[in-house]
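A quick write-up on the structure given underneath.
Quick note: the coordinates plus some simple rules give every number you see, no bench work behind them. Everything numeric here is computed off the predicted structure, so don't read it as measured data. Heads up, the Cβs are rebuilt from the backbone with ideal geometry, glycines too, and the neighbour counts pull from every protein chain shown.
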Amino acid sequence: MRKPILAALVLATCGDGSPPGFSTGAITTASASTSGSSTSGSTSSTGAADDSAGASSSSQGESTGVLRDVGTADDFGTGQPVGCKGKVDVLLLISSLFTMKTEQTQLLASFPGFVATIKEKLGDFDVHIMSANPIGEWAGWPCEQGCNDDPQHCAEYGYQCHVYAKSITTCDSTLAAGLIFNAGGGAANRHCELFGGNRYIISGEPKMDDALECIARVGWSGGDPPMGDALIAALAPEINAEGGCNSGFLRDDALLVVVLINDTEDTASTSWPYQQYKAVVDAKGGDPNAIVVLGVIAQPHVEGVPEIPGCTYDVLGDQYLMRQLIKKFPNHIEGDTCAPSYAPYFDQAADLIGEACGQFVPQ
């Protein structure tokens, strides 16, 4: 049965259910196959903010949307791009709600493609990559609290009772702080040893594949994520200042890339999309061209296409707050949480970064 896209109001336990197996040109209209997904992603770039609904899907699992000719890797030129000074800050906000249990398969399948994109298309960039805490608490607590009654409660996922909890810090339970200790059902369940000693990945990371999976494998033991509030918090001056949990992550002269992955509505935030959009733009000096947004969210089920068991589908359409937020940004891509892999969306986002760098010139 299809799960409606409504944010759950209860925390998931770690052991429930079975375990699950990332050029400038004229605007053109194209059709993109999703290969098993109910819809495909749409791309919009360097234009006015758009609050309209996403592209409609066909019965064959394809969608016709507005796509840009983003060119090829050659469009990046040689060396560091002049426009954004070769610096890119990538902010990942990934839901760890129990509804993401099925989608974790797609996310895990995306990591190799995400890393390949970074190495191929962003190799000349000075990159920061952070996966921010979307709930403001440590997601391992549901497992830890169940340890006394059932020590095997989360053991099948690699969680060790009364071991991990001793290592958490204040930043591990701070909203929007960089995640370096994902714990619970389906999570990495280990401390991420990152090159540079920050709560985010930096260029020069010798184990990029492992590091990215460690910070982004958030699992499904978290609560209902206030995605918009977390986005605002991640870009706040205090958390990025010296001594803050994310000290040094956000740079004035870097292009900001925001990746939102969530399959439910954002009912937990106290802020609204227009406030969230303003906060992000303000964080980049009021320049919307300094931002690229990739939103992988629930999409409507296409009639006649088999539903993916356990996958969440959009039933809100234009009222979907996550979609409203994403479409406000001139440079945005919208993807499908039910797609077999999110790697193609990351690839599109990388192309859009190259284009956006031509628009963003730090002062």
- Note on the structure: Per the rule of 0.36 nm per residue minus the C-alpha distance, extending A109 to T267 adds in nm 54.1 nm
- Task: Could you tell me the distance between the Cα centroids of the range 333-363 and the range 244-279, to the nearest Å?
- Result: 16
- Query: Under a straight-distance cross-link criterion of Cα-Cα below 17 Å, which lysines are reachable from K327, leaving out those fewer than 8 residues away in the same chain?
  - Reply: K278
- Message: Testing the spin-label approximation: label points 7 Å from Cα along Cα→Cβ at Q275 and Q152. State their distance in nm.
- Response: 4.7
- Note on the structure: For N198, the net charge from surrounding residues (Cβ-Cβ under 13 Å; K, R +1; D, E -1) works out to -2
- What percent of all Cα-Cα pairs in the range 232-326 falls in each 10 Å bin, counting up from 0? 14, 39, 29, 14, 4, 0
- Query: In debye to the nearest 20, how big a dipole does the range 186-231 give about its Cα centre with +1 on each Lys and Arg Cβ and -1 on each Asp and Glu Cβ?
  - Reply: 100
- Query: Across the range 324-336, in residue order, what do the Karplus-derived ³J(HN,Hα) couplings come to in whole Hz, using 6.51 cos²θ - 1.76 cosθ + 1.60 with θ = phi - 60° and x for Gly and Pro?
  - Reply: 4, 5, 4, 6, 6, 7, x, 9, 9, 9, 10, x, 10
- Task: Read phi for every residue in the range 119-125 and hand back ³J(HN,Hα) as whole Hz from Karplus 6.51 cos²θ - 1.76 cosθ + 1.60, θ = phi - 60°, with x for Gly and Pro.
- Result: 6, 7, 9, 10, x, 8, 8
- For C84, C161, order by how many other beta-carbon atoms lie within 10 Å, fewest first: C161, C84
- Hull volume in cubic angstrom per residue (convex hull over the Cα atoms of the range 123-170): 125
- Fully extended contour minus Cα-Cα distance, from H191 to L316, at 0.36 nm per residue: 41.2 nm
